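The values are calculated or read from the model by the stated rules, or taken from the named source; none is laboratory data. All figures in this text were calculated on a predicted structure; none of them were measured in a lab. Here the Cβ positions follow ideal geometry from the backbone for every residue, glycine too, while neighbour counts run over all protein chains shown.
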Amino acid sequence: MPDGACAASSPCSEGSDAWLIEGVLFLLDRLTMRASRRVEYLADRASARAGSTAAAVGLLNRRLVADSALTTLQREVNDAARSGARTGSRAGDRANGLWERLTAHMESIPEREHERPRRAGALRGHNIDETHPPARLRRDCLLVGAPRPVTVAGRAGAPRPATVTGDEDRARGVAAEPTEARREVARRILRDGVTG
């Protein structure tokens, strides 16, 4: 074997292979980064078309305060543990109202608490290495609109009405479908806890 060459099964080739694989993964990550961010913006537009601009912006606003939801769920887990309602019939009673209590908490968060993370994000800027664009930029893009050609449907950034709509009977039916799954997930959260 010539000097400086590695046999295929020698330890030095394993290090070279690992370095090569790491390098290829790094390059692939860099090449797909921009596309993955673009996909987030396109998905936001699709959600605005389906459910309305206001609904898509509302969802992004809730994501800004998602930590509050985790805190609330953790508080529920702690309350269940303290009261002995993590398992058994008392757990079922507690699990039945979990989502309603979480919804009530999230709806009680004042607008200034939604604005705080937006301002902090604007001051902090965002890191170019992040795989997802910041929620505040995604929200702004929905409200203002990204540059694109004018279509028959209207200008970019114009608020869109929902294209997927339903009456109250349908909404009740859709809400009733996952009832058992919601109850089971609530039981598991109360029993096993949540992780952020």
Condition test on Asn96, is it in contact (Cβ under 8 Å) with a residue 12 or more places away in the chain, under 13 Å from Arg187 (Cα atoms) and out of contact with any strand residue (DSSP E or B) (no Cβ under 8 Å at 6 or more places or on another chain)? yes
Between residues in the range 9-36 that are within 30 Å of Pro133 (Cβ to Cβ) and residues that are among the β-branched types (Val, Ile, Thr) and modelled with pLDDT under 85, which pairs lie under 9 Å by C-beta distance while being six or more apart or on different chains? Asp29/Thr131; Met33/Ile128; Met33/Thr131; Ser36/Thr131
Under the condition of being under 24 Å from Arg101 (Cα atoms) and of a type in the set (Gly, Ala, Ser), which residue from the range 45-76 is surrounded by the most Cβ atoms within 10 Å (Cβ to Cβ)? Ala56
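Yes/no per residue for (1) at pLDDT below 85; (2) part of a helix (DSSP H, G or I):
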residue	(1), (2)
Leu59	no, yes
Asp67	no, yes
Asn78	no, yes
Gly92	yes, yes
His105	no, yes
Gly121	yes, yes
Asn127	yes, no
His132	yes, no
Arg139	no, yes
By residue number, the members of the range 177-196 that are surrounded by 10 or more Cβ atoms within 10 Å (Cβ to Cβ) and aliphatic (A, V, I, L, M) are Val185, Ala186, Ile189, Leu190, Val194
